[in-house]
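Below you'll find the structure, written out as structure tokens, and then a few comments.
The values are calculated or read from the model by the stated rules, or taken from the named source; none is laboratory data. Since this is a predicted model, take the numbers as computed values, not measurements. Cβ placement follows ideal geometry from the backbone for every residue including glycine, while neighbour counts extend to all protein chains displayed. Note: accessible area is taken over every heavy atom of the protein model, side chains too, but ligands, DNA and RNA are not part of it. Shrake-Rupley method; radii C 1.70, N 1.55, O 1.52, S 1.80 Å.
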Amino acid sequence: MPERVALYPGSFDPLTNGHLDILWRARRLADRVVVSILENDAKTPLFSLRDRIAMIQEIVGGDPAVDVRSFSGLLVDFAKSSHASLIVRGLRAISDYEYELQMALMNRRLSPEVETVFLMAKEEYSYVSSRLVKEVARLGGDLTGLVPEAVRGRLVALF
Ligand code: PNS
């Protein structure tokens, strides 16, 4: 049986506990999961690509079934070059649905052989987003339980 590879793409600026929860769920669906960080993001990220890769490596680096890579260009092209048959995305609330549906259908049109699957994180993470985590960090709020320690330390140091 060929190895089943899943991409878990995103900006991860920064990785939250919600992302981590989705990643562990994706691990159960695939032999290998590639955390795929978008390089040429139009949004100006808080953390450089290098920092995001380093942080995520620190958190998941011990797992031989998880790779951390960056990509530019089309996600489906990266899927092809990574021999990935699955794209995993997390769905929180109904507000995520429209954007995610558009992306999944566009990716399917571009590459019908790659399937997008949506996973739901634990309810306790359903309101957690990188954007809100950054806002809470900037305003000095408590990030315990929202992000991994490696991320919390960097956010606290930054603000
Ligand atoms: O965490 P994000 O910012 O919601 O992730 C978005 C991401 C990286 C998955 C998406 O922007 C992406 O796949 N970009 C690559 C460009 C691409 O393939 N575009 C066409 C498909 S919609």
*Could you pull the accessible area for Glu113 with a 1.4 Å probe, rounded to 10 Å²?*
120
_Apportionment of accessible area to carbon and sulfur, the stretch 5-158, percent (1.4 Å)_ = 54
*asked:* Per residue, how large is the accessible surface of the chain? Use a 1.4 angstrom probe and give square angstrom.
replied: 57
*asked:* Starting from the Kirkwood Rh over alpha-carbon pairs, what translational D in µm² s⁻¹ does the chain have by Stokes-Einstein at 10 °C and 1.306 mPa s?
replied: 99
_Partners for Lys80 among lysines (Cα-Cα distance below 26 Å; same-chain residues under 8 apart left out)_ = Lys43
*Quick one: dipole size for the stretch 5-158, taken about the Cα centre, charges +1 on Lys/Arg Cβ and -1 on Asp/Glu Cβ, in debye to the nearest 20.*
100
*First measure r as the distance between the Cβ atoms of Asn40 and Arg108, then evaluate 1/(1 + (r/R0)^6) with R0 = 30 Å and state the FRET efficiency to the nearest 0.05.*
0.85
*Hey, could you get me the Stokes-Einstein D for the stretch 57-127, Kirkwood radius over alpha-carbon pairs, 10 °C and 1.306 mPa s, rounded to whole µm² s⁻¹?*
115
